[in-house]
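Notes to accompany the following structure.
The values are calculated or read from the model by the stated rules, or taken from the named source; none is laboratory data. The model shown is predicted, which means the values in this text are computed figures rather than measured ones. Positions of Cβ are generated from backbone atoms using ideal geometry, with glycine treated the same way; all protein chains shown enter the neighbour counts.
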Amino acid sequence: MSNPSQGRSQGVWALAWKRMKADRVGMFCLGLVAAFSLLVLLAALDVVGKNWQQEVGVPNAPPHFVGPKPPEALGVIEVPKGPPVDISDIDPLAPKYKEWEEAAKKYATEEAPRHETLPFGGDRLGRDIVQKVIKGAEVSIVVGLFAALVATTIGTLLGAISGFFGGKIGDALEWVYNVFTAIPSILLIFAFAVIFGRGILSVVMILGLTGWTGVYRLVRAEFMKHRQREYVRSAEAIGASTGSRIFKHILPNVSHVSLVQLSLLVVSFIKSEVILSYLGLGVSVDQVSWGTMLAEAQSELILGYWWQLAAVTVTMAVFVTAFALFTDALRDALDPKLRGLE
């Protein structure tokens, strides 16, 4: 007996995964994105990066491979010793100095000693930069990814409805689109920032509600093109519902457009979080993100302390590049023009 499954064609997502596995660069970047995602999850659970606020090193402690700072850089000045001088006659508090000195020494011994160097250096307060980068990844990646998902979802849904139905529904959505694009984006961001305030969720909503217009325009054009094609007409002829035609027939064939926009928005929104945090409209003051670290690194770089800027820049560049190449590979796997090569 023949197997009934042999005559069935593979689905859209099965074919996409098959093509994806054949792309070595795409699979390598998928592994990097998965590693960053795991790091974000562990940071959210306080498994890693939970001690980022502890001042474990001297201020602006250099990395291990640079070595400790010279004494003069730490502000240590050696004072030549001389014969003791009795100043009790001219300073009535002189007898107390010895007592205060002993109390200060006792407190210093109780405090944990600070390291002169850290694995990749410390910030101006002596906090470990590696810990800050890990904890900052939680905030920046969550903000960039979820804000991009919100914007892409809004733009895709509104673009699909406008492009499929047209008429008065399309005109109404076009009016909303024109209103959002007519107002400068920075003013929209400030307006939503006043409404939502500060915090991770607020930044996600601010960026998501202001960044959907580009996705809407492209998805609308694709739906207008696909709604008249034969496969959609055939689905309508056999009784497929409107929702089925939109989400099961047309959307998989235009999903590569949304994926490309998602990739671009993640990169853009991570940069936007940097700007918002620098302006005081981003995450709250008791949180750390790649944006707040870059803002801190500006003043440190002037003094020659480059390690915080280097750490956050390299980490951010690796994630952004891996995510962009992964979504490019996924777009190629879902592209209907390439799917015909199977």
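Conditions (1) of a type outside the set (G, A, S); (2) free of Cβ contacts under 8 Å to residues at least 24 places away in the same chain; (3) part of a helix (DSSP H, G or I), marked per residue:
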site: G144; (1), (2), (3): no, no, yes
site: V150; (1), (2), (3): yes, no, yes
site: E174; (1), (2), (3): yes, yes, yes
site: Y177; (1), (2), (3): yes, no, yes
site: L187; (1), (2), (3): yes, yes, yes
site: F192; (1), (2), (3): yes, yes, yes
site: R198; (1), (2), (3): yes, no, no
site: L207; (1), (2), (3): yes, no, yes
site: G214; (1), (2), (3): no, no, yes
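Quick check on segment 26-48. Is at least one of its residues assigned to a loop (DSSP other than H, G, I, E, B), of a type outside the set (A, V, I, L, M, F, W, C) and touching a helix residue (DSSP H, G or I) at 6+ places or on another chain (Cβ under 9 Å)?
Looking through segment 26-48, none of the residues is assigned to a loop (DSSP other than H, G, I, E, B), of a type outside the set (A, V, I, L, M, F, W, C) and touching a helix residue (DSSP H, G or I) at 6+ places or on another chain (Cβ under 9 Å).
Return the residues of segment 290-316 that are farther than 19 Å from V266 by Cα, part of a helix (DSSP H, G or I) and not hydroxyl-bearing (S, T, Y); say none if nothing qualifies.
Matches in segment 290-316: A295, E296, A297, Q298, E300, L301, I302, W307, Q308, L309, A310, A311.
Consider V320 against the criteria (1) crowded, with 20+ Cβ neighbours inside 10 Å; (2) within 11 Å of the chain's Cα centre (by Cα); (3) aliphatic (A, V, I, L, M): it satisfies all of them except one. Which criterion is unmet?
Against the list (1) crowded, with 20+ Cβ neighbours inside 10 Å; (2) within 11 Å of the chain's Cα centre (by Cα); (3) aliphatic (A, V, I, L, M), V320 comes up short only on (1).
In segment 142-152, what count of residues is obtained for those that are buried (at least 23 other Cβ atoms within 10 Å of the Cβ) and either within 16 Å of P119 (Cβ to Cβ) or modelled with pLDDT under 90 (or both)?
2
Out of curiosity, is S258 part of a helix (DSSP H, G or I) and under 17 Å from G208 (Cβ atoms)?
yes
Out of all the residues in segment 285-312, which are closer than 14 Å to W52 by Cα and among the hydroxyl-bearing types (S, T, Y)?
Across segment 285-312, the qualifying residues are S289, T292.
Out of curiosity, is L334 at pLDDT below 80, more than 16 Å from the chain's Cα centre (by Cα) and within 21 Å of G31 (Cα to Cα)?
Yes.
Just one of (1) surrounded by fewer than 22 Cβ atoms within 10 Å (Cβ to Cβ); (2) assigned to a loop (DSSP other than H, G, I, E, B) trips up E236, so point out which.
(2)
Need pairs with beta-carbon distance below 6 Å; first residue assigned to a loop (DSSP other than H, G, I, E, B) and within segment 274-286, second among the polar types (S, T, N, Q); sequence gap 6+ or separate chains.
V283/S277; V283/S289
Pick out the one residue from S268, S272, S289, S258 that is within 23 Å of F319 (Cβ to Cβ), polar (S, T, N, Q), crowded, with 21+ Cβ neighbours inside 10 Å and at pLDDT below 85.
Being within 23 Å of F319 (Cβ to Cβ), polar (S, T, N, Q), crowded, with 21+ Cβ neighbours inside 10 Å and at pLDDT below 85 holds for just one of S268, S272, S289, S258, which is S272.
Being in a helix (DSSP H, G or I) and modelled with pLDDT of 85 or more: is that true of K248 here?
Here the answer is yes, as K248 does meet what is asked.
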